[in-house]
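Note sheet for the following structure.
The values are calculated or read from the model by the stated rules, or taken from the named source; none is laboratory data. Quantities reported herein were computed from a predicted structural model and do not represent experimental measurements. Glycine also receives a Cβ, built like all others from the backbone with ideal geometry; neighbour counts cover every protein chain displayed. Accessible surface areas use protein heavy atoms only, side chains included; no ligands, DNA or RNA. Shrake-Rupley method; radii C 1.70, N 1.55, O 1.52, S 1.80 Å.
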Amino acid sequence: MELAVAMLLILLILASWRVLSESRLLVDMTLVSDASNIGGFCLDGSLPAYHLHRGFGAGASNWLLQFEGGGWCNDIQSCLDRAKTKRGSSLYMNKLEDFNGILSNDASLNPDFYNWNRVKLRYCDGGSFSGDAKFDNGTSVLYFRGQRIWEAIILDLLPKGLGKADKKRKCDLFRRIIPSLLQALLSGCSAGGLSSFLQCENFNRTLPTNTTVKCLSDAGFFLDERDITLNYTMRTFFENLVSLQGIEKNLDKNCTSFLDNPKLCMFPQYFLNYMTTPFFILNTAYDVYQFHHALVPPSADMNGDWKGCKLSIASCTPQQLDILQGWSLLWHQPS
């Protein structure tokens, strides 16, 4: 009897898995073969990639591009390690990507964008699609080419419906004429959400003036604030990232010319006021990544006093809750 019940449970589980797998939208990966022409490589030198699912019906001329997230690498060793993973090489990426959430083609789950052309940009540069440098010590080579990857993907999408390339000006990406678009949304989550901030204005300039262009960042508004030991841990991390990957030249020019420390223009709070494209910002006041890495980074909690609080807010002391509440209020301050 027990064996029969166990077999029945197994069959039910297998059946549910089959239903789920059949309902999932798995989209093939596209390698950007021409990226090498402009030096757009992943950290390890492999080609960048994206996944495209075509729109249809009323959404056939609309486009949604989503940056993949996945943290950063801001020193040589962490980038060498990253280059051996899917976050630094297309060689290790899944060839099929599950399109869900904002990328879903299910109208009941994604009523606004289900029939748009939806693109997921794979993340393999470790610098939020913004770097332009190369490391070569004769033994190891790393390509910090996020900016060129972004440009290469746009160039690859133009003849696929995003628009028509101006053949007379192949290298002038942001002066191309892209006709027939109705609406376009650039989005991303976490490190991809930061990419959306960094590339939003470029994306808008790429499209004709009669196109409705907007951008969205989900959990990508990283703050430049002191941690619990009054150190600027996140600032130091981003400064090292900008220096290593040659990002400064690709940051907002109004911001970099205004601040004494132009590397701070990696933080959205310093360049948001210069942006003209409509932007949607989605960020929880108690963002887990920023709680664990910006407010209470490991270097600020050597004794592990915050370990329990990080695992469960129910374990936070009254003093820790006050600090968290103060952190949440920073999101409401005007930039």
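Calculate log10 I(q)/I(0) of the chain for q = 0.09 Å⁻¹, where I(q) comes from the Debye formula with a single equal point scatterer on each Cα and nothing for solvent. For the chain at q = 0.09 Å⁻¹, log10 I(q)/I(0) is -0.54. Full extension of the chain segment joining S78 with N254 gains 60.2 nm, where the gain is 0.36 nm per residue of separation less the Cα-Cα distance.
Springs between Cα atoms under 10 Å define the GNM used for the chain, and in it the highest mean-square fluctuation of Q320, Q183, Q245 occurs at Q320. Return, ordered by residue number, the residues of the range 292-306 whose backbone nitrogen is under 16 Å from a label point located 7 Å along Cα→Cβ of Q319. Counting only backbone N, you get 296, 300-306.
Computed with a 1.4 Å probe over protein heavy atoms only, the accessible area of T256 comes to about 30 Å². In a fully extended conformation the segment linking L96 and S36 would gain 19.3 nm over its present Cα-Cα distance, using 0.36 nm per residue.
With respect to the cross-link table entries K120/K253; K86/K214; K120/K263; K95/K160; K95/K120, which display a Cα-Cα separation exceeding 22 Å? Intermediate results must be reported in sequence, preceding the final value.
On the way: K120/K253 27 Å; K86/K214 29 Å; K120/K263 28 Å; K95/K160 20 Å; K95/K120 12 Å.
Table pairs above 22 Å Cα-Cα are K120/K253; K86/K214; K120/K263.
Partner aspartates and glutamates whose Cα lies under 17 Å from the Cα of K310, excluding those fewer than 8 positions away in the same chain, are identified as D227, D287, D301, D322. Here's the picture: charge each Lys and Arg Cβ at +1 and each Asp and Glu Cβ at -1 in the chain, and of F221, G192, S299 the one pushed furthest to the positive end of that dipole is G192.
Using the Cβ of C73 as centre and a radius below 10 Å, the other residues enclosed give a net charge of -1, where K and R count +1 and D and E count -1. Residue by residue, the range 63-75 carries 3J(HN,Hα) couplings of 10, 10, 10, 10, 6, 6, x, x, x, 9, 10, 10, 8 Hz when phi is fed to the Karplus relation 6.51 cos²θ - 1.76 cosθ + 1.60 (θ = phi - 60°); x denotes Gly or Pro.
When the dipole is taken about the Cα centre of the chain, and only Lys, Arg (+1) and Asp, Glu (-1) are charged at their Cβ, what size is it in debye, to the nearest 20? Mind dumping the intermediate values first?
Values: 31 positive and 32 negative charges, 253 e Å.
Dipole magnitude for the chain comes out near 1220 debye.
Applying a length cut-off of 20 Å (Cα extent along the axis) and a mean Kyte-Doolittle floor of 0.0 to the DSSP H helices of the chain leaves 2-23.
Residues considered: K307, K249, K86. Largest GNM mean-square fluctuation over the chain, using C-alpha springs under 10 Å, is found at K307.
Which percent, nearest 5, of DSSP beta bridges in the chain are antiparallel? Rounded to the nearest five, the antiparallel share is 40 percent.
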